[in-house]
Amino acid sequence: MSRYAAYVASIVLTAFFAFVGWLDADWWWVAVAFGALALLGTCDMLQRRSTLRRNYPILAHFRYGLESIGPEMRQYFIEADTAEVPFSRQQRALVYQRSKAVNDTRPFGTQQEVYGADYEWINHSLITTHIASHDFRLIIGERAKQPYSASVFNISAMSFGSLSAAAITALNEGARRGNFYHDTGEGSISPYHRAPGGDLVWELGSGYFGCRDLDGRFDPQRFADAAALPQVRMIEIKLSQGAKPGHGGVLPGAKVTAEIAATRGVRQGVDCNSPSRHSEFATPIELLEFVERLRTLSNGKPVGFKLAIGHPWEWFSIAKAMRQTGMLPDFIVVDGAEGGTGAAPAEFMDHVGVPMHESLMLVHNTLVGLDLRDRIRVGAAGKIVSAFDIARTMAMGADWCNAARGFMFALGCIQSQSCHTDRCPTGIATQDPSRWRSLDIPDKATRVFQFHQNTLKGLRDLLCAAGLEHPEQIDPEHVLRRVSQVEVRSLGALYRFLQPGELLSGIPEHAVFRKFWDLSRSDSFALK
């Protein structure tokens with residue numbers, strides 16, 4: 001009967017302190033406190049939804065309370081500094097330090113297990129270089145009417161609605177100061193994206209938010225009007241997202257405020273659907289025709305698409321359509337399965353989609369093999385927070401990198417993992433004004449700017465140590481990975497990289513190409 005002890009004790013103590021309070025009014029508050037516990041226990045005994053509460057009245061709530069703070073307890077008191085779940089304390093600390101422009105050096109040696117499997121490093125040179133500027137840039141859309149000079153490190157897609165008004169404003173102001181771009185996410189261009197004036201990449205998802213009619217169909221005129229904004233530097237068609245590829249979404253009508261409705265072009269108070277697939281195209285060739293159409297409607301701004309790799313033959317179909325038709329996107333952004341999101345089903349988060357490294361190399365190899373790589377820029381996103389993350393990703397074939405959660409840490413995110421609850425403790429991933437109004441925009445914009453700048457300074461220092469002069473010179477032989485205690489391989493030796501034009505003369509000795517290349521078709525995403 002000990003499981004009822006707390007309940008019985010609350011009743012006895014309520015009666016006792018009620019009697020004491022009758023003698024001395026100063027004790028009534030104690031009686032009320034125990035009375036509340038007794039009432040809670042009675043409710044536990046009478047309800048039928050939870051067996052645990054009926055069997056352990058009052059005590060069950062202690063279990064719920066401890067369970068609710070479990071992630072924080074593990075994060076702050078149990079996990080090692082290098083445990084990445086999803087980001088380690090060491091990774092977060094690096095972002096915090098760089099965003100605050102405080103000392104990010106460390107004493108006494110690395111905490112990494114240098115003889116453990118998967119340990120990675122970049123080889124240094126005895127003939128180091130000196131690079132005057134850390135502002136590394138590349139031209140995207142060289143053949144477009146309005147090419148864009150982009151930083152090699154930018155803010156990945158995060159929508160207004162997922163993030164708060166204050167967070168979006170601070171991110172864009174930081175991007176403006178640092179002259180790098182801010183991806184809008186598929187929630188379209190909000191007033192908070194526009195106010196600071198930072199460069200925008202407009203992400204166009206399957207809901208066509210910001211350029212749709214009320215029935216969800218793509219509206220060319222609305223697109224052209226929005227794309228004409230000087231802030232909009234590029235257009236990105238979102239085919240799929242790393243954290244939940246192949247999955248649509250619904251913003252419940254209760255959350256569709258007048259402001260969000262105006263931004264997205266939907267009805268206020270009505271469920272806002274983001275379908276799992278696009279309605280403007282159904283084949284690889286139609287996708288490329290849509291790319292061409294958007295480039296024309298935007299008056300020659302660079303247009304590309306973002307995808308998370310799933311079935312390899314579907315990517316091969318797009319690649320074959322590019323080679324066959326000559327219609328090319330200006331860029332492709334590869335999103336990895338390790339990417340983040342405000343909310344996703346557990347199975348999609350954990351077990352759907354290809355991780356970024358393999359996805360990036362498949363896209364890079366395919367374009368190289370078709371002799372198209374020098375005409376299409378490739379970006380990549382997926383758990384990138386440090387200069388080494390950028391260097392490794394570029395060694396695997398990327399021209400530039402995007403980060404979402406890294407810049408959220410710069411805003412002050414503490415990885416509470418409450419993005420889906422609307423109770424974000426730092427005012428970043430919430431629409432609750434009582435929370436997001438506490439986020440100081442000028443201060444957080446400065447942190448976003450400083451994180452970007454100090455990370456690129458770190459990249460510059462890595463390049464100098466390796467004897468290089470620009471990130472574009474990083475190749476797979478510069479980065480090494482330990483595969484066992486007695487074996488080390490460069491990325492160039494570990495992975496199969498195709499030679500220019502290799503796919504034009506045959507199928508290479510590469511398992512995925514051997515299996516699916518001949519089965520893919522340019523006129524359909526289906527297998528032959």
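The values are calculated or read from the model by the stated rules, or taken from the named source; none is laboratory data. In this text the structure is predicted, and so the values were computed from the model without any measurement. Please note: Cβ atoms are built from the backbone with ideal geometry, for glycine as well, and neighbour counts cover all protein chains shown. Note: areas computed on protein heavy atoms with side chains; ligands, DNA, RNA excluded. Shrake-Rupley method; radii C 1.70, N 1.55, O 1.52, S 1.80 Å.
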Discussion item. I'm told Gly492 meets every condition in (1) in contact (Cβ under 8 Å) with a residue 60 or more places away in the chain; (2) surrounded by 14 or more Cβ atoms within 10 Å (Cβ to Cβ) except one. Can you identify the failing condition by its number?
Written reply: (1)
Worksheet entry | Residue that is nearest to Gly161 (Cα to Cα) [pool: residues in segment 271-296 that are surrounded by 19 or more Cβ atoms within 10 Å (Cβ to Cβ), in contact (Cβ under 8 Å) with a residue 60 or more places away in the chain and not small (Gly, Ala, Ser)] | Cys272
Practice prompt. Return yes when Gly65 is of a type outside the set (Ser, Thr, Tyr) and either in contact with a Phe, Trp or Tyr (Cβ under 6 Å, 6 or more places away or on another chain) or at pLDDT 90 or above (or both) and no when it is not.
Written response: no
Discussion item. Can you say whether Arg460 is open to solvent by 20 Å² or more (accessible area, probe 1.4 Å) and part of a helix (DSSP H, G or I), as far as the supplied structure shows?
Written reply: yes
Response to the item:
By residue number, the members of segment 415-427 that are over 14 Å from Ser162 (Cα atoms), in contact (Cβ under 8 Å) with a residue 24 or more places away in the chain and open to solvent by 20 Å² or more (accessible area, probe 1.4 Å) are Ser416
Worksheet entry | Subset of segment 202-215 (residues that are without any contact (Cβ under 8 Å) to a residue 40 or more places away in the chain and within 21 Å of Pro147 (Cα to Cα)) | Trp202
Discussion item. Every residue in segment 135-157 that is farther than 15 Å from Gly174 by Cα and in contact with a Cys (Cβ under 8 Å, 6 or more places away or on another chain), please.
Written reply: Val152
Discussion item. Looking at the structure I just gave you, is Phe19 open to solvent by 70 Å² or more (accessible area, probe 1.4 Å), at pLDDT below 85 and either in contact with a Lys or Arg (Cβ under 6 Å, 6 or more places away or on another chain) or in a helix (DSSP H, G or I) (or both)?
Written reply: no
Worksheet item: Is it fair to say Asp475 is surrounded by fewer than 22 Cβ atoms within 10 Å (Cβ to Cβ) and more than 16 Å from Cys401 (Cα to Cα)?
Response: no
Discussion item. Based on this model, can you work out whether Arg106 counts as among the basic types (Lys, Arg), in a loop (DSSP other than H, G, I, E, B) and without any contact (Cβ under 8 Å) to a residue 40 or more places away in the chain?
Written reply: yes
Discussion item. Tell me the residue from Leu439, Leu480, Leu468 that is surrounded by fewer than 22 Cβ atoms within 10 Å (Cβ to Cβ) and in contact with a Phe, Trp or Tyr (Cβ under 7 Å, 6 or more places away or on another chain), please.
Written reply: Leu480
Worksheet entry | Residue count, segment 134-143 (criterion: open to solvent by less than 60 Å² (accessible area, probe 1.4 Å) and over 23 Å from Ser188 (Cα atoms)) | 4
Practice prompt. Please go through segment 229-286 and pick out each residue that is modelled with pLDDT of 85 or more, polar (S, T, N, Q) and within 24 Å of the chain's Cα centre (by Cα).
Written response: Gln231, Ser240, Thr263
Item to complete: Might you check whether a residue that is closer than 22 Å to Ser386 by Cβ and of a type in the set (S, T, N, Q) occurs anywhere in segment 205-219?
Response: no
Item to complete: Within segment 103-133, track down each residue that is farther than 30 Å from Glu487 by Cα, surrounded by 10 or more Cβ atoms within 10 Å (Cβ to Cβ) and at pLDDT below 90.
Response: Asp104
Worksheet item: With respect to Gly501, is the statement that it is over 26 Å from the mean Cα position of the chain (by Cα) and open to solvent by less than 50 Å² (accessible area, probe 1.4 Å) true?
Response: yes
Item to complete: With respect to Ala80, determine if the residue is at pLDDT 90 or above and either surrounded by 17 or more Cβ atoms within 10 Å (Cβ to Cβ) or under 46 Å from the mean Cα position of the chain (by Cα) (or both).
Response: no
Discussion item. Of all residues being within 30 Å of Phe180 (Cβ to Cβ) and of a type in the set (D, E, K, R) in segment 201-218, which is modelled with the lowest pLDDT? Just the residue, please.
Written reply: Arg212
